[in-house]
Amino acid sequence: MNLYQFELFCQIAKVRSFTKAAKLMHLTQPAISAQVQAMENFYGTKLFERSATGVKLTPAGELVYKYAQHFLAEHEKLEREIDNLLGTNAQTIVIGASSTIGNFALPCNVWSFKEKYPEANIRIEVDNSKKVIDMVMEDKVDFGLAEGPEFTHPDLEVKKVGESQVVIITSPELPLARQDSITVEELKKLPLIMREPGSSVREVFFDAIKKAGVPAKELNIVLELGSFQGVLEAVKKGHGVSISCLEAIKKEFHRKELHYLTLKDMELTMPFLLVYRKDRAFSPLAKRFLRFIIGPAALEFC
């Protein structure tokens, strides 16, 4: 038995679903089921009752849940005392982050982390995903949080820590805002405002339409901007439509400053990746933050 298994167990108990817990922990359902099976084998009894509506704790599961919460709380206290002894709280973490993550997710995650480690110094370097990965490769940051397809590299560790739906955004004042979806053929006729080359949302979108038989050169790109905020302002003013991760524009959508559409017959998602060098020697505080991002807290958007 280990702490990670207790964290998984508590997450399942809280959400009462293997599927939801697997999504929150960025694991497959078979992987999380295997961990529970290992715990049930260890204790020699069933810990969850499964049904079509979800799962609930058995009497033995309730007992394990009680002690698991105690173990995790005590371990957190132990970490705090060790941090105080070693002066870990005053260490600095430098994080490279892509625009969407750096502007719309990481700040809230950092503040949540600083509630536990108030003296931690955290610096965020925001750029497009390609440059974030370059920063990691060049050892300029402790680790990077980037958007884009999962990839492998002999010198890098890459872990998926979340994802977002990719949507088409438009001004609510335009006739297009009366639609909930759009075809690629319809999109080809519209003025398109894009982020600069190296932006992951651009590359993911181009790859998806290429697979659908539409090369990027057939799009009516009227403007390229190096700032996501600049793209938003141009779209709000009705100068064209653009592509965005849904989480990045939810506030504007609820304020009715933007409208979004999905692409018909095409499911577009943007993975969020944690990237760091395999040979990176992390400070104790950086290790804490990595566990915070990968664990049940995960990467949450503001």
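Residues in the stretch 131-154 that are under 25 Å from residue 250 (Cα atoms) and assigned to a helix (DSSP H, G or I): 132 only.
Yes/no per residue for (1) at pLDDT below 85; (2) touching a strand residue (DSSP E or B) at 6+ places or on another chain (Cβ under 9 Å); (3) under 30 Å from residue 249 (Cα atoms):
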{"site": "45", "(1), (2), (3)": "no, no, no"}
{"site": "51", "(1), (2), (3)": "yes, no, no"}
{"site": "68", "(1), (2), (3)": "no, no, no"}
{"site": "76", "(1), (2), (3)": "yes, no, no"}
{"site": "124", "(1), (2), (3)": "no, yes, yes"}
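If you check residue 230 against the conditions, is it outside any helix (DSSP H, G or I) and either outside the structural domain of residue 256 (by TED's automatic domain parsing) or not basic (Lys, Arg) (or both)? No: the conditions fail for residue 230.
Can you report the number of residues in the stretch 53-83 which are of a type in the set (S, T, N, Q), loosely packed, with under 11 Cβ neighbours inside 10 Å and either in a helix (DSSP H, G or I) or in contact with a His (Cβ under 6 Å, 6 or more places away or on another chain) (or both)? The qualifying residues number 0. Summed over the stretch 93-126, the residues that are in a strand (DSSP E or B) and touching a residue at least 40 places away in the same chain (Cβ under 8 Å) give a count of 7. Output the qualifying pairs, or none if there are none: Cβ atoms under 7 angstrom, residues six or more apart or on different chains, first residue in the stretch 269-283 and of a type in the set (A, V, I, L, M) and modelled with pLDDT of 90 or more, second residue surrounded by fewer than 20 Cβ atoms within 10 Å (Cβ to Cβ) and not in a strand (DSSP E or B). Filtered contacts from the stretch 269-283: 273/150; 274/294.
The residue that is nearest to residue 147 (Cα to Cα), among those in the stretch 256-296 that are among the charged types (D, E, K, R) and not in a loop (DSSP other than H, G, I, E, B), is 277. Among the residues of the stretch 184-197, at least one is surrounded by 17 or more Cβ atoms within 10 Å (Cβ to Cβ), not in a helix (DSSP H, G or I) and not hydrophobic (A, V, I, L, M, F, W, C).
The values are calculated or read from the model by the stated rules, or taken from the named source; none is laboratory data. Please read all numbers here as calculations on a predicted model, not as lab measurements. No Cβ is skipped: glycine too gets one built from the backbone with ideal geometry, and neighbour counts run over all protein chains shown.
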